[in-house]
Amino acid sequence: MPGGRCQLAPGDSRLSRAAVALYRNCLGTMIGIMRSTLAGSDAELAGRQPGQATSGLVSPKGPRWPRVVQTWLWLKRPTWFLDYCSRTYGDVFTVRLPFGITLVHVTSPELVKAVFGGSDDVLRAGEANATILEPIVGPHSVLVLDGPEHLRQRKLILPAFHGDRMRAWEGAIGDIARAEIARWPAGRPFALRPAMQSITLDVIVRVVFGVEDSQRHHELRRLILKITSIGRNPLPLYATRDRKLGPHSPWARFVRTRDALHAALAEQIRERRQAADLDQRSDVLSLLLEARDEQGSAMTDDEVRDELVTLLFAGHETTATSLAWAFDLLLHHRGVLSRLIAELDSGETQYLDAVIRETLRVRPVIALVDRQVRTATEIGGFAIPAGVMLCPNIYLTQRREDLYDDPAEFRPERFAGQAPPGFGWFPFGGGIRRCLGASFATYEMQIVIPEVLRAVTLRPASRRPARVRRESVTFVPHDGARCVVTAPR
Ligand code: HEM
């Protein structure tokens, strides 16, 4: 790759675009370089070499290894690689990947705050997300929009996750969790992550989509599982994107499944609009249909459908994996587990909240968030060229020794009655893109963890906690968090 330049230009082949899309998906950035839509010179788009001056400032340093080596480490040894870069280069460093993709990581609370407070005109999230995500979530999704349109969708969605409204879902979430726990095998190892995925999927279908009819529930579940399994293998999916390779190509199967999912949701939306009790209902779909923007306008059916798909894909696996991590950590820290059970038995929930915060700190499911830099800017005294991704690094910031004692240790006590340090704990991202489902995810964890602990006694299937493994954009337990039910409680 001469001069480290981006090889793509407007008009390049679809295959090249698909390769970049695929590549970025694999890298876990969820964000593409929309070169054709960006202003900026080739050098800016490629990302300058370390030490090169830009208006008197230098770009952040980073490993000088070939991009292919950095890519392998990023994919296969992500925590080792991030720890190494942080130790060697400090609070701001550059990672270079093929196709001119350049990630500038920031790991100090002050700089994270600066990124989250930065102008939406300079630091864009939605525009870049669109490359990968738009075929899945649709053009109206809050994830792929920027500027006023993004803010409008956020304002329409956010009230659905207000604390008072969520309380109406407690019974349904508890029922779903108990039904799943009843299916767990006794005395032999099983993986908790898929079990948790089953719970969070049912919660989305029932509480978010408001589906009560069991046949439709079953059909939606089937389609979602199919689409998720196609998406787990992004290489063949994006390599066949938009190419006429017959009905059995991964992309063709994806499009068929997605269209079937859209059709089922469209039917659900149409029926719900006509429901006589629409204004009494507490599911997210009904609340979205009732929501009005500042001009008094409601969302169209297409907008509602895209937001439902967004909530599904943003909220289902993230919450399930966080639950799996919570149990993996609890089962390998018997003292913490005993204290949690004792406090829950006495009706206290403060320690549970600390356990959830500590899990999200030490095992963040999403390791970093990213903003595409639209025009050259400056951060922490470094020049940040247009075209690079500026990445507040959740994993590294949440493990800083100057913020946390023994930062690698799972120690919920640090949060008992204690708020996390500002911009030193942000598993849900921040600023105007902060996760819309943060309260919902936390609420779900507050219900599911006690349900499990009340119903069964678990022991870990292995002596050591699971290692972190990358799966697409998430950090997951390498073995799915295996455990054994030893007895009903
Ligand atoms: C533990 C579980 C979860 C984690 C760790 C998580 C994390 C995140 C992160 C890191 C972002 C990006 C924020 C940024 O760019 O600054 C995000 C965005 C988002 N999340 Fe979550 N999330 C979780 C659960 C959920 C749930 C349950 C929902 C909804 C049902 C949800 C809906 C969204 C949406 C809609 C966005 C896009 C917000 C925007 O672009 O304005 N998430 N989430």
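Among helices (runs of 4 or more DSSP H) lying entirely in region 140-200, which contain 3 or more residues that are among the charged types (D, E, K, R) and more than 15 Å from the ligand (Cβ to nearest atom)?
Values: elements: 147-157, 163-166, 170-181.
So the answer is 170-181.
Mind telling me which of the residues Ser297, Ser286, Ser282 ends up being under 23 Å from His162 (Cα atoms), within 16 Å of the ligand (Cβ to nearest atom) and not in a helix (DSSP H, G or I)? Walk me through how you get there before you give the answer.
Working: Ser297 fails: within 16 Å of the ligand (Cβ to nearest atom); Ser286 fails: not in a helix (DSSP H, G or I).
Of the residues listed, the single one that is under 23 Å from His162 (Cα atoms), within 16 Å of the ligand (Cβ to nearest atom) and not in a helix (DSSP H, G or I) is Ser282.
Does Ala386 satisfy being crowded, with 18+ Cβ neighbours inside 10 Å and under 28 Å from Leu330 (Cα atoms)? In short, no.
Within region 413-423, the set of residues being more than 24 Å from the chain's Cα centre (by Cα) and modelled with pLDDT of 95 or more comprises Glu413, Arg414.
The number of residues in region 201-210 being within 12 Å of the ligand (Cβ to nearest atom) and under 14 Å from Gly171 (Cβ atoms) comes to 2.
In region 210-232, the residues that are free of Cβ contacts under 8 Å to residues at least 60 places away in the same chain and part of a loop (DSSP other than H, G, I, E, B) reach residues that are among the charged types (D, E, K, R) and surrounded by 14 or more Cβ atoms within 10 Å (Cβ to Cβ) with C-beta atoms within less than 8 angstrom, at least six apart or across chains, in these pairs: Glu212/Arg206. Pairs are defined by a Cβ separation below 6 Å, a sequence spacing of at least 6 or placement on different chains, a first member in region 312-323 that is closer than 19 Å to Val142 by Cα, and a second member that is more than 8 Å from the ligand (Cβ to nearest atom); the pairs so defined are His316/Leu201. Checked against the criterion of being of a type in the set (Gly, Ala, Ser), buried (at least 16 other Cβ atoms within 10 Å of the Cβ) and over 30 Å from Arg178 (Cβ atoms), the candidates Gly437, Gly430 yield just one match: Gly430.
Right, Asp328: buried (at least 24 other Cβ atoms within 10 Å of the Cβ), of a type outside the set (Gly, Ala, Ser), modelled with pLDDT of 95 or more and assigned to a helix (DSSP H, G or I) or not?
On the way: buried (at least 24 other Cβ atoms within 10 Å of the Cβ): yes; of a type outside the set (Gly, Ala, Ser): yes; modelled with pLDDT of 95 or more: yes; assigned to a helix (DSSP H, G or I): yes.
So Asp328 fits the description; yes.
Yes/no per residue for (1) within 16 Å of Arg363 (Cβ to Cβ); (2) β-branched (Val, Ile, Thr):
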site	(1), (2)
Gly431	no, no
Phe440	no, no
Val456	no, yes
Arg470	yes, no
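From Phe410, Phe475, grab the single residue that is modelled with pLDDT of 95 or more, within 12 Å of the ligand (Cβ to nearest atom) and surrounded by 19 or more Cβ atoms within 10 Å (Cβ to Cβ).
Working: Phe410 fails: within 12 Å of the ligand (Cβ to nearest atom).
Answer to the selection: Phe475.
Beta carbons closer than 9 Å, at least 6 apart along the sequence or on distinct chains, pair a first residue in region 167-195 that is under 13 Å from Val484 (Cβ atoms) with a second that is among the hydroxyl-bearing types (Ser, Thr, Tyr) and in a loop (DSSP other than H, G, I, E, B) for Pro189/Ser462. Condition first: out of contact with any helix residue (DSSP H, G or I) (no Cβ under 9 Å at 6 or more places or on another chain) and assigned to a helix (DSSP H, G or I). Can you find one or more residues in region 306-323 that meet it? No, region 306-323 contains no residue that is out of contact with any helix residue (DSSP H, G or I) (no Cβ under 9 Å at 6 or more places or on another chain) and assigned to a helix (DSSP H, G or I).
Quick grid of which residues meet (1) β-branched (Val, Ile, Thr); (2) in contact with a Cys (Cβ under 9 Å, 6 or more places away or on another chain); (3) under 26 Å from Tyr395 (Cβ atoms):
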| position | (1), (2), (3) |
| --- | --- |
| Met445 | no, no, yes |
| Pro450 | no, no, no |
| Arg454 | no, no, no |
| Ala466 | no, no, yes |
| Arg469 | no, no, yes |
| Ser472 | no, yes, yes |
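Considering region 288-316 alone, what residues qualify as being surrounded by fewer than 24 Cβ atoms within 10 Å (Cβ to Cβ) and of a type in the set (Asp, Glu)? Glu290, Asp293, Glu294, Asp301, Asp302, Glu303, listed by residue number.
Looking only at region 336-358, decide whether some residue is within 11 Å of the ligand (Cβ to nearest atom), closer than 30 Å to Leu220 by Cβ and under 20 Å from the mean Cα position of the chain (by Cα). The answer is yes, given that some residue of region 336-358 is within 11 Å of the ligand (Cβ to nearest atom), closer than 30 Å to Leu220 by Cβ and under 20 Å from the mean Cα position of the chain (by Cα). When region 421-449 is limited to residues that are among the hydroxyl-bearing types (Ser, Thr, Tyr) and closer than 22 Å to Asp328 by Cβ, the one that is nearest to the ligand (Cβ to nearest atom) turns out to be Thr442. Put simply, of Ala419, Ala461 the only residue that is without any contact (Cβ under 8 Å) to a residue 60 or more places away in the chain and either surrounded by 21 or more Cβ atoms within 10 Å (Cβ to Cβ) or out of contact with any His (no Cβ under 6 Å at 6 or more places or on another chain) (or both) is Ala419. Entry remark, region 110-130: residues being more than 15 Å from the ligand (Cβ to nearest atom) and part of a helix (DSSP H, G or I) number 1 in total. What number of residues within region 269-285 are surrounded by 11 or more Cβ atoms within 10 Å (Cβ to Cβ) and farther than 11 Å from Ile157 by Cα? Number satisfying all stated conditions: 9. Would you check if there is a residue in region 450-472 being under 30 Å from Asn233 (Cβ atoms) and within 12 Å of the ligand (Cβ to nearest atom)? No, there is no match, as no residue in region 450-472 is under 30 Å from Asn233 (Cβ atoms) and within 12 Å of the ligand (Cβ to nearest atom).
The values are calculated or read from the model by the stated rules, or taken from the named source; none is laboratory data. Just so we're clear, the structure is a prediction, and the values are computed from it rather than from any experiment. Note: ideal-geometry Cβ built from the backbone for every residue, glycine included; neighbour counts use all protein chains shown.
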